[in-house]
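Colleague: Here it is, the structure, as structure tokens.
The values are calculated or read from the model by the stated rules, or taken from the named source; none is laboratory data. Here the structure is a predicted model, which is why all the values come from computation and not from measurement. Cβ placement follows ideal geometry from the backbone for every residue including glycine, while neighbour counts extend to all protein chains displayed.
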Amino acid sequence: MASIFDRSGKYYAQFYDTDRSPKRKRFSLRTSDRKEARRRLTDFERAYEEGEFDPWTDDPFSEDESAGEPADSPTTVDEAIEAFCEAKERQGRTESTIRNYRKQWRLFRGRVGGKTPLDNLKPEDVRSFVYDSDVKATTGANRHRHVGAVLRWTGHESVIDAVEKPKTGDKLPKAIREDELRSICREAVKDYRKKRLSGGCRPREVVWIVPALRFAYFTGLRGQELARVRWSHVDLDRQKLTIYRQKNGDESTIPLIKPARKLLRRLYDGESGDTFVFRSPGCNRKERSARRFREHVSRKFAEWRDEAGVRSELTLHSTRHGYATRLAENGASAFAIKSALRHSDLSTSMKYIHMAGKQLQSEVEAAFA
């Protein structure tokens, strides 16, 4: 999806997506050091994948300049995050993005003190926060990116640039297997029956999550996308589902495979088009917080996962990984996976092809054991 190239001693980034116009988007990385250019490109790629940056619409260095620094530049740690988040809100960044910046900066503030002048910050302050022995490398890398964005925006890039970003490696997605999903769903049913017998819930109060989990596995929907599915989005005749408010803000359609269509037909009881497909009996049928829905379903998934004794690294998002992995294991190309999962770049889809290769290796080994 993204590449780096040298032009007259300066390094540039190039993002490529056949579904965008223009297909290629280039911008300067503002450095003549290849190692630094590679680090910055990695940050931009990760931000793009997480929906926090779009090279086609955003200024890549908005944290440095164009975010709209206020007339009274922030001088303390406390002032920095408030000014930065206000600028992000004016840019139209999502609530979850701003919340992540506040979370990481609040932790950093606990180390250095809220009243500390920004000019007094040293690389050692950031390094001890990023390389905390109590956190994983992925968490450290996340801290580096979020704190670094604020420091660069306030003009203190020398502090973050002196701290090397933790190396996290290229980890494969944690894909759930169908047998693991069945085990989790069985635990959900047990939980529901137990609560019904004790009077702890109403009919279908807990068990409604089971078809939601199965549908996520059959479609590859993200948690918040699952929350937004209404009956008006479903077209069983054309075997299509329209996805609104995707991670990148676009709309799209995905195929409804036979198990997904069968599940929907079992759920449908003549409800109006604007009614949510997946919901508890007592919830509002037409209004909800997608984020809270995702968080609730994620918590229940983790609870039933632990009860079922399946892999602890699995999360609700593992249903999406499981869908992609099934496609790869059955011979789907990276391009087909990219289309079905609505990935922004082919490199993400290729991870599942690699996982399918691992599965093939395992099956070949088993055949000759």
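Colleague: Can you tell me which residue among Thr31, Thr18, Thr42 is β-branched (Val, Ile, Thr) and modelled with pLDDT of 80 or more?
Modeller: Testing whether each residue is β-branched (Val, Ile, Thr) and modelled with pLDDT of 80 or more leaves just Thr31.
Colleague: Within the stretch 144-174, restricting attention to residues that are more than 20 Å from Arg106 (Cα to Cα) and among the acidic types (Asp, Glu), which residue is surrounded by the most Cβ atoms within 10 Å (Cβ to Cβ)?
Modeller: Asp161
Colleague: Does Asp33 satisfy being at negative phi, surrounded by 15 or more Cβ atoms within 10 Å (Cβ to Cβ) and assigned by TED's automatic domain parsing to the domain that holds Asn142?
Modeller: Here the answer is no, as Asp33 does not meet what is asked.
Colleague: For the stretch 125-169, name all the residues that are aliphatic (A, V, I, L, M) and in a loop (DSSP other than H, G, I, E, B).
Modeller: Correct list: Val135, Ala162, Val163.
Colleague: Go through the stretch 192-209 residue by residue and tally those that are surrounded by 18 or more Cβ atoms within 10 Å (Cβ to Cβ) and part of a helix (DSSP H, G or I).
Modeller: So the count comes out to 2.
Colleague: To continue, here is another question. Check Thr97 against each of (1) out of contact with any Gly (no Cβ under 9 Å at 6 or more places or on another chain); (2) at pLDDT 75 or above; (3) part of a helix (DSSP H, G or I) and name the one condition it does not meet.
Modeller: (1)
Colleague: Next question, about the same structure. Could you tell me which residue of the stretch 42-61 is nearest to Asn142 (Cα to Cα), considering only residues that are assigned to a helix (DSSP H, G or I) and in contact with a Phe, Trp or Tyr (Cβ under 8 Å, 6 or more places away or on another chain)?
Modeller: First, pick out the residues of the stretch 42-61 that are assigned to a helix (DSSP H, G or I): 42-49.
Those still in the list that are in contact with a Phe, Trp or Tyr (Cβ under 8 Å, 6 or more places away or on another chain) too: 44, 47-48.
On the way: Phe44: 12, Ala47: 10, Tyr48: 14 Å.
That would be Ala47.
Colleague: Moving on. So which residues in the stretch 101-129 are closer than 16 Å to Val163 by Cβ and acidic (Asp, Glu)?
Modeller: Glu124, Asp125, listed by residue number.
Colleague: A follow-up question, please. Would you check if Lys338 is at pLDDT below 85 and within 30 Å of Tyr16 (Cα to Cα)?
Modeller: It is false that Lys338 is at pLDDT below 85 and within 30 Å of Tyr16 (Cα to Cα).
Colleague: Condition (residue is touching a residue at least 40 places away in the same chain (Cβ under 8 Å), hydroxyl-bearing (Ser, Thr, Tyr) and part of a helix (DSSP H, G or I)) applied to the stretch 170-191: is it met by at least one residue?
Modeller: So far as the stretch 170-191 goes, yes, one or more of its residues are touching a residue at least 40 places away in the same chain (Cβ under 8 Å), hydroxyl-bearing (Ser, Thr, Tyr) and part of a helix (DSSP H, G or I).
Colleague: Test Ser183 against the stated conditions and say whether it is small (Gly, Ala, Ser) and in contact with a helix residue (DSSP H, G or I) (Cβ under 7 Å, 6 or more places away or on another chain).
Modeller: So Ser183 fits the description; yes.
Colleague: Okay, moving on. Among the residues of the stretch 85-92, is any more than 18 Å from Thr154 (Cβ to Cβ) and either modelled with pLDDT of 75 or more or outside any helix (DSSP H, G or I) (or both)?
Modeller: yes
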